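First the structure, in the form of structure tokens, and then the observations on it.
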Amino acid sequence: MRSWKKKGLTAILAVLASVSMVSSLAACGGSNGAGKDELVLTIWGGDIDKRVMQKRLSLAKKKYPNIPVKLQYIAKDYDTKIQTMFSGGTPPDILEMADNINAYSSRGQLADLTSDFPNVARDYGKTNQKIYTYKGKLYGAPDRAAPAVIFYNKDIFDAAGVEYPSEKWDWNTFLTNAQKLVKRENGKTTQWAYCEGDWWAWYMTWIYQNGGRILDKDGKPVVNSPENVEAMQFYQDLMYKYEVIPKPQEITDSGADPLFAQGKTAMNVTGFWDISSLKDAKFNWGVAPLWHGKKTAVPMFFNALTVSSQSKHKDDAIKIVKYLTSKEGQRPIAESGLDMPANLAAAKDKSFTQASWNKNGLDLTAFTRSTSMTYAPPLTPEWSQITKAMSDGMSQTWNGKQSVKTGLDKAQKTLEQALNK
């Protein structure tokens, strides 16, 4: 589960009312089964996430031999189970967090880390500082932070005689080239230029690149602004007017990542995780920084390490978090190919930029160069309501059954009621 996973507050609130689940986890005793004075760190993910974090904890043990840490892996329903632990009075000491961090911080469940990370903008970038700051306080130590990049099929570009994509492209360049990358046979599209969906990282990027926003500086929704209407109209036109990206009904059994892996799209804007999924691709491919609009705006996929405000060993937990998010503590992330480290020094180190796992000779500086281009989405405590309002309001727009303005008006109305603003 990364920041791109959809996580509803409804499930979290339901758990808070579930006495039976609270009792079952609380019955584990102590710190969720940990030994006396042993810190508990919770994460999600797969086998590689577990292996890399365990290696990092082994390094932390050398620095802090008297601070034992137990790694607790939660394969699914992460938020639900974490909230159950909080309700039972046995929360983890250190928690992996992503886009719902302020749902926790607003409830007072996370420790204020502001004084412990005084140079977060310098060490991790301004976007990370904004992402994990709520009401002037920092609640997360940036751990993994890979900007989205363009994955592109070199064979398709070469065959069409189109220059490879780069951050120099603007929307007009993108559209002109995209029209050259589409293939149609007998009235049916067999090769798309690009593919997207209603995931926040896609549609918000067009909005931010056009100078739009989701919330204004006072936290009020402005999703139906002229800038947003213009951006989403361009996005819809890519489907229905120019037909360079598939309509929702044309990819019902697939998605952007699989279509690219199958060689059916020339470009895919996605995250670091797709590198490993393309290791057996039958075509030549590369990565490049994202194009720009009126402004530069690149989405970033992020994880942080946080400390429970209820931890009985808060000072020790903070020491471990500071080490894990240091250059040394994040080196295993870079060396393993798991992700891009959030620590800028670690990301710029040759252990990442010249990583031995990079068998395809990818230009990994596409990720590091994109760091300064990223934007911070509005991660308010109502984040899940924001993404749901946008998806619900715009679903018929993407299906071609309502106008862009109508869809954004629906989302605006829903958010005004939800946020009471």
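The values are calculated or read from the model by the stated rules, or taken from the named source; none is laboratory data. As the structure is a prediction and not an experimental result, all values here were calculated from the model. Cβ: placed from backbone, ideal geometry, glycine included. Neighbour counts: every protein chain shown. All accessible areas refer to the heavy atoms of the entire protein, side chains included, with ligands and DNA or RNA removed. Shrake-Rupley method; radii C 1.70, N 1.55, O 1.52, S 1.80 Å.
Being charged (D, E, K, R) and within 18 Å of the chain's Cα centre (by Cα) is the filter here, so list the residues in the stretch 260-306 that pass it.
Residue satisfying the conditions is ASP274 alone.
Which residue is nearest to LEU344 (Cα to Cα), if the candidates are limited to the stretch 127-137 and must be open to solvent by 10 Å² or more (accessible area, probe 1.4 Å) and in contact (Cβ under 8 Å) with a residue 24 or more places away in the chain?
Applying the filter and picking the extreme gives THR127.
What number of residues within the stretch 113-126 are outside any helix (DSSP H, G or I) and either closer than 17 Å to GLY219 by Cα or open to solvent by 50 Å² or more (accessible area, probe 1.4 Å) (or both)?
2
I need the full set of residues from the stretch 174-213 which are of a type in the set (Val, Ile, Thr) and open to solvent by less than 40 Å² (accessible area, probe 1.4 Å), in order please.
Correct list: VAL182, THR189, THR205, ILE207.
So which residues in the stretch 65-95 are open to solvent by 60 Å² or more (accessible area, probe 1.4 Å), modelled with pLDDT of 95 or more and part of a loop (DSSP other than H, G, I, E, B)?
PRO65, ASN66, ASP77
Just checking, how many residues over the stretch 187-217 are part of a loop (DSSP other than H, G, I, E, B), among the charged types (D, E, K, R) and under 22 Å from ALA261 (Cβ atoms)?
2
Table: residues versus (1) in contact with a strand residue (DSSP E or B) (Cβ under 6 Å, 6 or more places away or on another chain); (2) buried (at least 19 other Cβ atoms within 10 Å of the Cβ); (3) of a type in the set (Val, Ile, Thr).
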residue	(1), (2), (3)
LYS295	no, no, no
PRO299	no, yes, no
ASN303	yes, yes, no
GLU328	no, no, no
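The conditions are (1) surrounded by 23 or more Cβ atoms within 10 Å (Cβ to Cβ); (2) outside any loop (DSSP other than H, G, I, E, B), and LEU290 fails exactly one of them. Which is it?
For LEU290, the failing item is (2).
Out of ILE156, ILE150, I need the residue that is touching a residue at least 12 places away in the same chain (Cβ under 8 Å), more than 25 Å from ASP218 (Cα to Cα) and assigned to a helix (DSSP H, G or I). Which one?
Just one listed residue meets the conditions, ILE156.
Cβ contacts < 6 Å: first residue closer than 12 Å to TYR194 by Cα and open to solvent by less than 10 Å² (accessible area, probe 1.4 Å), restricted to the stretch 254-271; second residue of a type in the set (Val, Ile, Thr) and not in a strand (DSSP E or B), any location; separation 6+ or different chain. Result?
Final answer for the pair search is ALA266/ILE156.
Open to solvent by less than 10 Å² (accessible area, probe 1.4 Å) and either at positive phi or modelled with pLDDT under 95 (or both): which single residue out of LEU415, LEU364, LEU419 fits that description?
Just a single option satisfies the conditions, and that option is LEU364.
Kindly indicate which of LEU362, LEU324 is within 26 Å of PRO65 (Cα to Cα), in contact (Cβ under 8 Å) with a residue 40 or more places away in the chain and touching a strand residue (DSSP E or B) at 6+ places or on another chain (Cβ under 7 Å).
Selected residue: LEU324, the only one of LEU362, LEU324 that is within 26 Å of PRO65 (Cα to Cα), in contact (Cβ under 8 Å) with a residue 40 or more places away in the chain and touching a strand residue (DSSP E or B) at 6+ places or on another chain (Cβ under 7 Å).
Quick test for you: out of ASP93, ASP116, ASP143, ASP77, pick the one residue that is touching a Phe, Trp or Tyr at 6+ places or on another chain (Cβ under 9 Å) and among the acidic types (Asp, Glu).
Answer to the selection: ASP143.
Going through the stretch 239-266 one residue at a time, which ones are aliphatic (A, V, I, L, M) and either part of a loop (DSSP other than H, G, I, E, B) or at pLDDT below 90 (or both)?
Hits for the stretch 239-266 are VAL244, ILE245, ILE251, ALA256, ALA266.
Of (1) modelled with pLDDT of 95 or more; (2) open to solvent by less than 40 Å² (accessible area, probe 1.4 Å), LYS405 satisfies all except one. Which?
LYS405 satisfies every listed condition except (2).
Take ALA355 and decide whether it is touching an Asp or Glu at 6+ places or on another chain (Cβ under 8 Å) and buried (at least 20 other Cβ atoms within 10 Å of the Cβ).
Spelling it out, it is not the case that ALA355 is touching an Asp or Glu at 6+ places or on another chain (Cβ under 8 Å) and buried (at least 20 other Cβ atoms within 10 Å of the Cβ).
Out of (1) in a loop (DSSP other than H, G, I, E, B); (2) open to solvent by 20 Å² or more (accessible area, probe 1.4 Å), what's the single condition that is false for VAL162?
Checking VAL162 against (1) in a loop (DSSP other than H, G, I, E, B); (2) open to solvent by 20 Å² or more (accessible area, probe 1.4 Å), the one that fails is (2).
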